[in-house]
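Undergrad: This is the structure, below, for whatever I ask next.
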Protein chains: 4
Amino acid sequence: MDDGADLVATLHTDRTDALDGLIGGSEETTTGVIRLRSLAEAGKLKYPIIAVNDADTKHFFDNRYGTGQSTLDGITRATNILWAGKTVVLAGYGWCGRGVALRARGMGAQTVVTEINPIRALEAAMDGHQVMSMDNAAKIGDIFITLTGGIKAVGRQHIEVMKDGAILANSGHFNVEIDIPALEELADGKQEVRPFVDEYLMGDGRRLNLLGEGRLINLAAAEGHPSAVMDMSFADQALSAEYLAQFAHSLKPQVYDVPRDIDEEVGRLKLLSMGITIDTLTAEQEEYLGSWEVGT
Amino acid sequence: MDDGADLVATLHTDRTDALDGLIGGSEETTTGVIRLRSLAEAGKLKYPIIAVNDADTKHFFDNRYGTGQSTLDGITRATNILWAGKTVVLAGYGWCGRGVALRARGMGAQTVVTEINPIRALEAAMDGHQVMSMDNAAKIGDIFITLTGGIKAVGRQHIEVMKDGAILANSGHFNVEIDIPALEELADGKQEVRPFVDEYLMGDGRRLNLLGEGRLINLAAAEGHPSAVMDMSFADQALSAEYLAQFAHSLKPQVYDVPRDIDEEVGRLKLLSMGITIDTLTAEQEEYLGSWEVGT
Amino acid sequence: MDDGADLVATLHTDRTDALDGLIGGSEETTTGVIRLRSLAEAGKLKYPIIAVNDADTKHFFDNRYGTGQSTLDGITRATNILWAGKTVVLAGYGWCGRGVALRARGMGAQTVVTEINPIRALEAAMDGHQVMSMDNAAKIGDIFITLTGGIKAVGRQHIEVMKDGAILANSGHFNVEIDIPALEELADGKQEVRPFVDEYLMGDGRRLNLLGEGRLINLAAAEGHPSAVMDMSFADQALSAEYLAQFAHSLKPQVYDVPRDIDEEVGRLKLLSMGITIDTLTAEQEEYLGSWEVGT
Amino acid sequence: MDDGADLVATLHTDRTDALDGLIGGSEETTTGVIRLRSLAEAGKLKYPIIAVNDADTKHFFDNRYGTGQSTLDGITRATNILWAGKTVVLAGYGWCGRGVALRARGMGAQTVVTEINPIRALEAAMDGHQVMSMDNAAKIGDIFITLTGGIKAVGRQHIEVMKDGAILANSGHFNVEIDIPALEELADGKQEVRPFVDEYLMGDGRRLNLLGEGRLINLAAAEGHPSAVMDMSFADQALSAEYLAQFAHSLKPQVYDVPRDIDEEVGRLKLLSMGITIDTLTAEQEEYLGSWEVGT
């Protein structure tokens, strides 16, 4: 079981010796799945891997509600800022980004979204967020949160124009989403003003606050996701492992989805634990939905 | 171009003579696509059809923001009710259902969702809606809106326990989502109390209000979707038609997705029309995302 | 019973003859109460008037939830615009303004508030709205809604810089909140493009859309407030009239609040009609709240 | 300067000797002001006190946005629960209660409000919250938060029917809002399962979790209010102290409002610090608002 495909990368480079006996794997994160697909497309993946991240019961919940809440939690614990009235710039409107956007607005912040995907950008706009380029957002944000899975979502040219007192946090993958080397270069010095808060004194007198050294802020400064969302992800992991134990021998070295019946079973169990009862289709309803003749 | 697969159903039954010369088609709705997939799975589909509904620039926007707004608009025009403080029961949490749920809450209503899919039910709960069976929801709702694409989402046993004065509206597909024959049977009579509002006097003295004869309420009582959301759907339709004109001869009679580049092009054009500028990946960022070696 | 203090103004100027026999009055709107207080402060008010508008069961509900919903309703019916993704500029963050702001956001719009009162401006910011001067808002708004109770909230200098296609609506008091004479002067002509929508062709080629001739848009293009909110206002009016019939002879010609017990009685009756049960203080709880000795 | 009127109570009972030389005071909280008014009404207040709590720049912000955020923060830190999908019962819909309700919903919770005031109960309902008696709410809540300023908002009969695993927190005034003696009596034992979380094992096998011993949870388990909201409260305190130093000798021993110009000045300074510019009335606008003749 991997988180970010780092174990997989190691197994495929420095530790190919450990591949022997490996029958399958699973991956927990969006970024990891992206890397695994690159690996598989390059024809170099050595064993079948289940993209647990892509299960509905994982990314709909963990990435959205989990990251949404825990990112704000991490920033609040690090800074004790008031969210109400702040301009929060979110780089990336994937599942994590929209979760954080939703919760930031839920705390009274004004939300600004930057994106590279036109459809996600449109969704963000119609969800009521301001959408603009990071070049423009950099000038108005009080708090910047990166959730792109890529690098330098906040780059040198953005750091140069940020307001005095701006706060920079990452909740994406690695500490590469904010260009920390550029920040270090542009600064005359830094001091830890609270735990997890490094205040950089810029050459032009501005102060910029980097949280948790640019590492995942919900893990750095808070407790990560609540158990009530990890339970679903881990159920997907456990049931996927069981599935691999049974069927991996017949699978090619590709990236696979979590089987649909596992995904729905996890959903059913979670509802049960929450005391929620839902409807089931009657035979008549099922027949109607399966039919193409019936209509108007 | 079809809406609900009714034209397709006719072409495959009563008017097979008209199939000649048909090279391809497209479908606008979720329900239509479900019917087409049944037809294709049965091996009976006679020409390739593009599921325009499934384009991101269609169902993310039309079904969610379009149906969300126009459903409330239709009900408001029909009834002039105050949404604030009302308990609104939404049958179905697909794209349409979540759009209506979002807007109903945005108008101050308390939202209750019923579902048959456990994962959607969980999403509804974590989006802050009450989730329960329709048997329970039927007793507490002030307004019922069906968005299931199926039949009898509101059935006889639900009609029997609704509160006096309850309002029933459909914004799904046909006038079969509410069991109108059961309503008629259980009632002693009805009168039109406002345009589009039929008040049924039930045998036990309760009055239930059916809007627009159970037909799509946004079309019955309002103006359907705003042009600002139909423009994207129609752009998908037009570009899909152009695509079929070019390539239909090489396509088997199956249901196809809108080509991804058409979908993203429609998104880009819409952003342009809204005056929104977004970011593009730098070469360095693109390389990072495409790489499996780089990491931690 | 007056609405806007127009009847009162007439009675105190052109028709002083009709004052004879008048024992008291009541006023329905914020703007009317402001005018009445001016009149009373000038020592010219001739009979006692109850400021029904200021009853909690009136302005908390009618001005906020009523105006909030019906203003959007009026604009939607007039234009059939999609609210999602639009930038909506609200002039004034009184009870009406915050109601409209809440509902506009609830429909997916990005909200901008202008104010002259620093405390209301702060509240707007911490409620998550952008706050800025109208000079700046004028350049970015898609839809402008005036709710100030004053004049020229949208003035000539704002009209000059608005975007092509901008929509102007008033939901405050009179058709003086938007400077229509300036709009007429700056335009080369106008045409009615839909009922209640006058498109002005500006000298510089821009088109600006004025709704309902600048009159209250919820009355011009929709049905005004829902009955579920007017019932409380009218209950306050009726019980205030009864109160005046009994006690007006002992009241000086001033502006009076609705008696607190009338206000709370209206609230209790409304809850009853909604089927909502609330708690009552136990004797022990009441004693605690009334005591200054008990504490820590 | 007092917080909760405890100092005042001591000064008026055990330490009347210290009254000598006291020229005035100020009070920070809603509960304190209620106690002071009781004291003044009883004719026993010995010096003039400014109700800083009642300044708009205090209770609109501190009580609403401050308590709203910090209460959730305290409960999150104590429990690491996921708010999304939880049923949160709020006892009291004053400024604090509505702030917490807003933020709880903003985090994806389903909100239930209990009240004793009919008008506040109506507001809660029209703000989209479920409103019911605590007797009913007790059975369905996952998390209970008391914000009444009184005693036993959660009493023995409520504790008896709560669900297994329910969480109880207080964010009102003292540790008397939850009937802890009853909880202790009904329980067979308790254990600290996390810092600030006492799990009570009830006689019937249920487990109930009391946070922070029923003391203010935002102070017990988090850092209290953010400085960005306390700055306004403290500005009101400081300027009120200055005012008292100048004018206390001419004030009777009563409870006074913060002078309006102090309140607005604090608002102006806060806007300035946030970089927000607002409008000012033109002479023409001011004249219009002050006039009773102008109209229709």
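Undergrad: Go through the stretch B:116-144 residue by residue and tally those that are among the aliphatic types (A, V, I, L, M) and out of contact with any strand residue (DSSP E or B) (no Cβ under 9 Å at 6 or more places or on another chain). Let's see the steps before the verdict.
TA: Of the stretch B:116-144, the ones among the aliphatic types (A, V, I, L, M) are B:116, B:119, B:121-122, B:124-126, B:131-132, B:134, B:137-138, B:140, B:143.
Then drop every residue that is not out of contact with any strand residue (DSSP E or B) (no Cβ under 9 Å at 6 or more places or on another chain), which leaves B:116, B:119, B:126.
Residues meeting the conditions: 3.
Undergrad: D:A125: within 7 Å of another protein chain (Cβ to nearest Cβ), more than 18 Å from the chain's Cα centre (by Cα) and not in a helix (DSSP H, G or I), yes or no?
TA: For D:A125, the condition - within 7 Å of another protein chain (Cβ to nearest Cβ), more than 18 Å from the chain's Cα centre (by Cα) and not in a helix (DSSP H, G or I) - is not met.
Undergrad: While we're looking at this one, here's another question. If B:E265 passes every condition in (1) surrounded by 15 or more Cβ atoms within 10 Å (Cβ to Cβ); (2) under 25 Å from the mean Cα position of the chain (by Cα); (3) farther than 30 Å from A:V89 by Cβ but one, which one does it miss?
TA: (3)
Undergrad: Here's another thing I want to ask about it. Which one of A:T30, A:T16 is open to solvent by 20 Å² or more (accessible area, probe 1.4 Å), out of contact with any Leu (no Cβ under 9 Å at 6 or more places or on another chain) and under 28 Å from B:I119 (Cβ atoms)?
TA: That would be A:T30, the only listed residue that is open to solvent by 20 Å² or more (accessible area, probe 1.4 Å), out of contact with any Leu (no Cβ under 9 Å at 6 or more places or on another chain) and under 28 Å from B:I119 (Cβ atoms).
Undergrad: Tally time: how many residues in the stretch B:68-84 are open to solvent by 10 Å² or more (accessible area, probe 1.4 Å) and either under 19 Å from A:I119 (Cα atoms) or not β-branched (V, I, T) (or both)?
TA: The total comes to 3.
Undergrad: Further question on the same structure: Scan (1) out of contact with any His (no Cβ under 7 Å at 6 or more places or on another chain); (2) more than 14 Å from chain A (Cβ to nearest Cβ); (3) surrounded by fewer than 24 Cβ atoms within 10 Å (Cβ to Cβ); (4) of a type in the set (A, V, I, L, M) for the single condition D:I23 breaks and write down its number.
TA: (1)
Undergrad: Further, regarding this structure: Of the conditions (1) under 25 Å from the mean Cα position of the chain (by Cα); (2) at the interface with another protein chain (Cβ under 8 Å from one of its Cβ atoms), A:L210 fails just one. Which one is it?
TA: For A:L210, the exception is condition (2).
Undergrad: Give me a count of the residues in the stretch A:1-13 that are surrounded by fewer than 19 Cβ atoms within 10 Å (Cβ to Cβ) and among the acidic types (D, E).
TA: 2
Undergrad: For the stretch A:34-58, give me the residue count where each residue is within 11 Å of another protein chain (Cβ to nearest Cβ) and closer than 25 Å to B:E286 by Cα.
TA: Here the count works out to 11.
Undergrad: Would you mention how many residues in the stretch C:1-15 are of a type outside the set (D, E, K, R) and away from chain D (no Cβ under 11 Å)?
TA: Within the stretch C:1-15, the subset of a type outside the set (D, E, K, R) is C:1, C:4-5, C:7-13.
Applying the additional criterion that residues be away from chain D (no Cβ under 11 Å) yields C:1, C:11.
Count: 2.
Undergrad: At least 1 residues that are polar (S, T, N, Q) in each: list the strands (runs of 3 or more DSSP E) lying fully within the stretch D:146-244 that qualify. Please lay out each step first, then the result.
TA: Values: elements: D:167-170, D:187-194, D:197-202, D:207-211.
It comes to D:167-170, D:187-194, D:207-211.
Undergrad: Testing C:T111 on (1) under 21 Å from the mean Cα position of the chain (by Cα); (2) within 14 Å of chain B (Cβ to nearest Cβ); (3) in a helix (DSSP H, G or I), one condition comes back false. Which one is that?
TA: (3)
This table checks each residue for (1) open to solvent by 10 Å² or more (accessible area, probe 1.4 Å); (2) within 14 Å of chain D (Cβ to nearest Cβ).
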site	(1), (2)
A:W95	yes, yes
A:A104	no, yes
A:M107	yes, yes
A:R120	yes, no
A:Q130	yes, no
A:M134	no, no
A:V154	no, no
A:L168	no, no
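Undergrad: Name the residues in the stretch B:33-48 that are surrounded by fewer than 21 Cβ atoms within 10 Å (Cβ to Cβ) and among the charged types (D, E, K, R), would you?
TA: Passing the criteria: B:R37, B:E41, B:K44, B:K46.
Residues are listed down the side, and each one gets a yes or a no for (1) at pLDDT 95 or above; (2) more than 30 Å from B:D17 (Cβ to Cβ); (3) over 18 Å from the mean Cα position of the chain (by Cα); (4) among the aromatic types (F, W, Y):
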| residue | (1), (2), (3), (4) |
| --- | --- |
| B:P48 | yes, no, yes, no |
| B:D56 | yes, yes, no, no |
| B:R64 | no, yes, no, no |
| B:T71 | yes, yes, no, no |
| B:I75 | yes, yes, no, no |
| B:G85 | yes, yes, yes, no |
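Undergrad: Show the residue pairs meeting these rules: Cβ distance below 8 Å; 6+ apart or different chains; first residue within the stretch A:128-140 and free of Cβ contacts under 8 Å to residues at least 60 places away in the same chain and outside any helix (DSSP H, G or I); second residue acidic (D, E) and buried (at least 22 other Cβ atoms within 10 Å of the Cβ).
TA: A:V131/A:E115
Undergrad: Determine the pairs where a residue that is more than 7 Å from every other protein chain (Cβ to nearest Cβ), located within the stretch D:76-88, has a partner that is part of a helix (DSSP H, G or I) and open to solvent by less than 20 Å² (accessible area, probe 1.4 Å) with Cβ atoms under 6 Å apart, the partner being 6 or more residues away or on another chain.
TA: Taking only residues 6 or more apart or on different chains, the pairs are D:V88/D:A104.
Undergrad: Please verify whether the stretch C:232-241 includes one or more residues that are hydroxyl-bearing (S, T, Y), open to solvent by 10 Å² or more (accessible area, probe 1.4 Å) and out of contact with any Phe, Trp or Tyr (no Cβ under 8 Å at 6 or more places or on another chain).
TA: Checked the stretch C:232-241: no residue is hydroxyl-bearing (S, T, Y), open to solvent by 10 Å² or more (accessible area, probe 1.4 Å) and out of contact with any Phe, Trp or Tyr (no Cβ under 8 Å at 6 or more places or on another chain).
Undergrad: Now a separate question. Yes or no: C:V193 within 12 Å of chain D (Cβ to nearest Cβ), closer than 29 Å to C:L147 by Cα and not small (G, A, S)?
TA: no
Undergrad: So, D:K58, is that one among the basic types (K, R) and under 24 Å from D:A235 (Cα atoms) or not?
TA: On the way: among the basic types (K, R): yes; under 24 Å from D:A235 (Cα atoms): yes.
Against the criterion (among the basic types (K, R) and under 24 Å from D:A235 (Cα atoms)), D:K58 qualifies.
For (1) within 24 Å of A:R120 (Cβ to Cβ); (2) touching a Lys or Arg at 6+ places or on another chain (Cβ under 8 Å); (3) small (G, A, S), each residue gets a yes or a no:
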| site | (1), (2), (3) |
| --- | --- |
| B:Y47 | no, no, no |
| B:I50 | yes, no, no |
| B:G68 | yes, yes, yes |
| B:I75 | no, no, no |
| B:V100 | yes, no, no |
| B:A124 | yes, yes, yes |
| B:D127 | yes, yes, no |
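Undergrad: Checking D:D188 against (1) over 30 Å from A:D73 (Cα atoms); (2) in contact with a Gly (Cβ under 8 Å, 6 or more places away or on another chain); (3) modelled with pLDDT under 95, which test does it fail?
TA: Failing condition for D:D188: (3).
Undergrad: Do we have any residue at all in the stretch A:269-277 that's open to solvent by 70 Å² or more (accessible area, probe 1.4 Å) and away from chain B (no Cβ under 11 Å)?
TA: So far as the stretch A:269-277 goes, no, none of its residues is open to solvent by 70 Å² or more (accessible area, probe 1.4 Å) and away from chain B (no Cβ under 11 Å).
Undergrad: What number goes with the only condition from (1) surrounded by fewer than 17 Cβ atoms within 10 Å (Cβ to Cβ); (2) more than 9 Å from chain A (Cβ to nearest Cβ); (3) over 30 Å from A:G4 (Cβ atoms) that B:A283 does not pass?
TA: If we test B:A283 against (1) surrounded by fewer than 17 Cβ atoms within 10 Å (Cβ to Cβ); (2) more than 9 Å from chain A (Cβ to nearest Cβ); (3) over 30 Å from A:G4 (Cβ atoms), just (3) comes out false.
The values are calculated or read from the model by the stated rules, or taken from the named source; none is laboratory data. Computed from a prediction, not measured in an experiment: that's the story for all the values here. In this analysis, Cβ positions are derived from the backbone assuming ideal geometry, glycine residues included, and neighbour counts consider all displayed protein chains. What goes into the accessible areas is simple: the full protein's heavy atoms, side chains included, and nothing from ligands, DNA or RNA. Shrake-Rupley method; radii C 1.70, N 1.55, O 1.52, S 1.80 Å.
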